[in-house]
Every structure is written in structure tokens, then in C-alpha cells.
Amino acid sequence: MTTEENIALKLNLGLLQAAVDNGAEMIATACPLCQMNLEAYQDKINQAFGRNFSIPIVYFTHLVGVALGVSPSKMGLDKLLVSPEELLARAKEVGV
């Protein structure tokens, strides 16, 4: 993002669009820098390419912690730029 922002925005656009096209409601990454790029630049991608992405992007350890019973707020999910609260509430309703 720092050296070739336009290229990085296009690459992230492709990832976000592929997720939406395949029915994803959240993206979990194994790379903290990828998590930050996909989450923090969604607004810029939306503006640059006329899209309306609002997909929560989490680092996989967020999900591991929640699966092990750690509260979402202790895992920092309440600090994300795109809130996963709606997804977490739906998951809780169905017992996931």
C-alpha cells in the first residue's frame, strides 16, 4: 500500500469481490498485514472503484479465541473498523 497504492487497491478489490461473489460474509486472514490492508482500505476501495464493501476482516486468532470461549470484546473484535457484531449475533442464535 505504501509504494504502489493503486496496484494494491486493485489487488484488494479483487479479493473483496471474490469473497462477495462466493457468498462470504467475513474474511479471516492468516496474515496481520493482510487483515489490516483489507479492513482499513475498504472505504478507499469503495470510493476508487464505486463499490460498497462492508465486510468484516479478522485475523484467524480472533476466531480461534471466540471458538475457545473468549469473549469477542476480549479478542478485540469490538475494535475492528467493520464490525462483525451482526455475524456474531447470528452465529450465537444458531449455536455456532
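The values are calculated or read from the model by the stated rules, or taken from the named source; none is laboratory data. What you see is a predicted model, and the numbers here were worked out from it, not measured in a lab. Cβ sites come from the backbone with ideal geometry, for glycine too, and all protein chains shown count toward neighbours.
Some points to look at:
- Pairs, first among the small types (Gly, Ala, Ser) in the stretch 59-74, second surrounded by 10 or more Cβ atoms within 10 Å (Cβ to Cβ), C-beta under 6 Å, six or more apart: GLY65/MET75
- Residue pairs meeting the criteria (Cβ under 8 Å; at least 6 apart or on separate chains; first surrounded by fewer than 11 Cβ atoms within 10 Å (Cβ to Cβ), in the stretch 6-35; second part of a helix (DSSP H, G or I) and of a type outside the set (Val, Ile, Thr)): ALA30/PHE60
- Of the residues ALA28, ALA40, ALA24, the single one that is touching a strand residue (DSSP E or B) at 6+ places or on another chain (Cβ under 6 Å), within 17 Å of VAL82 (Cβ to Cβ) and of a type in the set (Gly, Ala, Ser) is ALA28.
- Some residue of the stretch 6-25 being over 15 Å from the mean Cα position of the chain (by Cα), of a type in the set (Val, Ile, Thr) and modelled with pLDDT under 90: no
- Residue within the stretch 75-96 that is modelled with pLDDT under 90, of a type in the set (A, V, I, L, M, F, W, C) and assigned to a loop (DSSP other than H, G, I, E, B) present: yes
- Only a single criterion out of (1) among the hydrophobic types (A, V, I, L, M, F, W, C); (2) loosely packed, with under 14 Cβ neighbours inside 10 Å; (3) over 11 Å from the mean Cα position of the chain (by Cα) is not satisfied by PHE60, namely (3).
- Among residues of the stretch 37-57 being of a type in the set (Val, Ile, Thr) and either modelled with pLDDT under 95 or outside any helix (DSSP H, G or I) (or both), the one that is surrounded by the most Cβ atoms within 10 Å (Cβ to Cβ) is ILE57.
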